[in-house]
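Written below as structure tokens is the structure these notes are about.
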Amino acid sequence: MHNETSTGVASRIRAIRDAMDEAKHPALLLVDTISSLGSIDYRHDEWRVDVTVAGSQKGLMLPPGLGFNAVSAKALAAAPRARLPRAYWDWQPMLRDNAAGFFPYTPATNLLYGLREALRMLDEQGLANVFARHDRFAEATRRAVRAWRLEVLCAEPREYSSSLTAVVMPAGHDADAFRKIALERFDMSLGTGLGRLKGQVFRIGHLGDFNDLMLAGTLGGVEMALAAADVPFARGGITAALDFLAHATQDLHAASGR
Ligand SMILES: *Cc1c(COP(=O)(O)O)cnc(C)c1O
């Protein structure tokens with residue numbers, strides 16, 4: 001996974017590719033970019049990924065319903081030899097019909113129109129600016145979390161996610177009880193902790209069509225909900241985030257090196 005959505009950790013895919021090359025490992029490199037494509041810099045060709053999987057419903061700002069595969073020549077050659085049973089997910093009918101400009105099933109045309117508009121929006125801002133915008137939201141969010149004296153779940157700064165931030169609840173406080181208060185009082189839906197993290201973290205999403213004021217509103221809601229839920233925290237998260245947003249230029253992306 002390029003961006004691990006339950007923990008807010010972004011993998012360094014280029015480093016994984018380099019390690020595979022160094023070990024001369026023949027495996028195909030398959031990467032899920034569902035919560036990173038269009039929010040965090042990602043390079044299918046340059047990083048020599050074999051299969052990249054993406055979906056319409058996150059950074060591409062569309063309803064769910066479209067799936068995308070980018071496939072290397074190596075993966076294309078491996079597919080006909082693969083022995084896993086498959087029908088709907090088989091690439092061959094898609095490749096065959098696409099050659100003549102057709103689709104083997106009824107395509108979700110409404111979503112394709114939406115996709116065209118989403119791509120226009122990303123193009124208008126420019127991808128480098130889109131990535132820098134998300135890096136900036138993520139940094140502002142982490143500053144708020146630290147000022148609240150709460151903890152960002154991701155412990156490795158090189159792997160901070162720019163799509164979302166998972167926040168660790170203080171011991172003895174249930175993240176889902178807090179999320180319920182945020183939803184009921186402020187009509188704000190925060191992400192739940194998944195699997196082992198159930199009840200221990202909540203997640204703040206900052207991907208897709210998102211701007212400074214939306215982030216300010218989101219962090220304001222979190223701060224009010226922390227107080228309403230009697231979670232011990234320090235005030236000042238909003239101020240820390242707003243100070244950063246007001247002064248930060250968009251140069252963060254160049255420094256992130258992902
Ligand atoms: C959201 C997401 C998916 C797919 O989610 P569905 O809701 O099951 O379509 C897969 N991988 C990642 C990394 C995601 O963030």
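The values are calculated or read from the model by the stated rules, or taken from the named source; none is laboratory data. Quick caveat, the model's predicted, so the values are computed rather than measured. Here Cβ is always computed from backbone atoms with ideal geometry, including for glycine, and neighbour counts include all displayed protein chains. Accessible surface areas use protein heavy atoms only, side chains included; no ligands, DNA or RNA. Shrake-Rupley method; radii C 1.70, N 1.55, O 1.52, S 1.80 Å.
Things to note:
- Answer from ARG48, ARG120, ARG81, ARG96 - the residue that is in the same structural domain as SER36 (by TED's automatic domain parsing), open to solvent by 80 Å² or more (accessible area, probe 1.4 Å), within 19 Å of HIS2 (Cβ to Cβ) and away from the ligand (no atom under 14 Å from the Cβ): ARG48
- Some residue of the range 110-119 being charged (D, E, K, R) and under 15 Å from the mean Cα position of the chain (by Cα): no
- Residue check for LEU76: away from the ligand (no atom under 16 Å from the Cβ), modelled with pLDDT under 95, part of a helix (DSSP H, G or I) and open to solvent by 30 Å² or more (accessible area, probe 1.4 Å): no
- For the range 239-248, filtered to residues that are open to solvent by 40 Å² or more (accessible area, probe 1.4 Å) and closer than 10 Å to ALA216 by Cα, the residue that is nearest to the chain's Cα centre (by Cα) is LEU242.
- Among the residues listed as MET1, MET20, the single one being open to solvent by less than 40 Å² (accessible area, probe 1.4 Å) and either within 10 Å of the ligand (Cβ to nearest atom) or of a type outside the set (Gly, Ala, Ser) (or both): MET20
- Residues that are open to solvent by 10 Å² or more (accessible area, probe 1.4 Å) and not in a loop (DSSP other than H, G, I, E, B) within the range 55-71 comprise GLY67, PHE68, ASN69, ALA70, VAL71, listed in sequence order.
Listed here are the residues, each with its yes/no results for (1) outside the structural domain of PHE244 (by TED's automatic domain parsing); (2) crowded, with 19+ Cβ neighbours inside 10 Å; (3) within 18 Å of HIS206 (Cα to Cα).
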position: GLU151; (1), (2), (3): no, no, yes
position: ALA155; (1), (2), (3): no, no, no
position: SER162; (1), (2), (3): no, yes, yes
position: VAL167; (1), (2), (3): no, yes, yes
position: PRO170; (1), (2), (3): no, no, no
position: ALA175; (1), (2), (3): no, yes, no
position: PHE178; (1), (2), (3): no, yes, no
position: PHE186; (1), (2), (3): no, no, yes
position: SER189; (1), (2), (3): no, no, yes
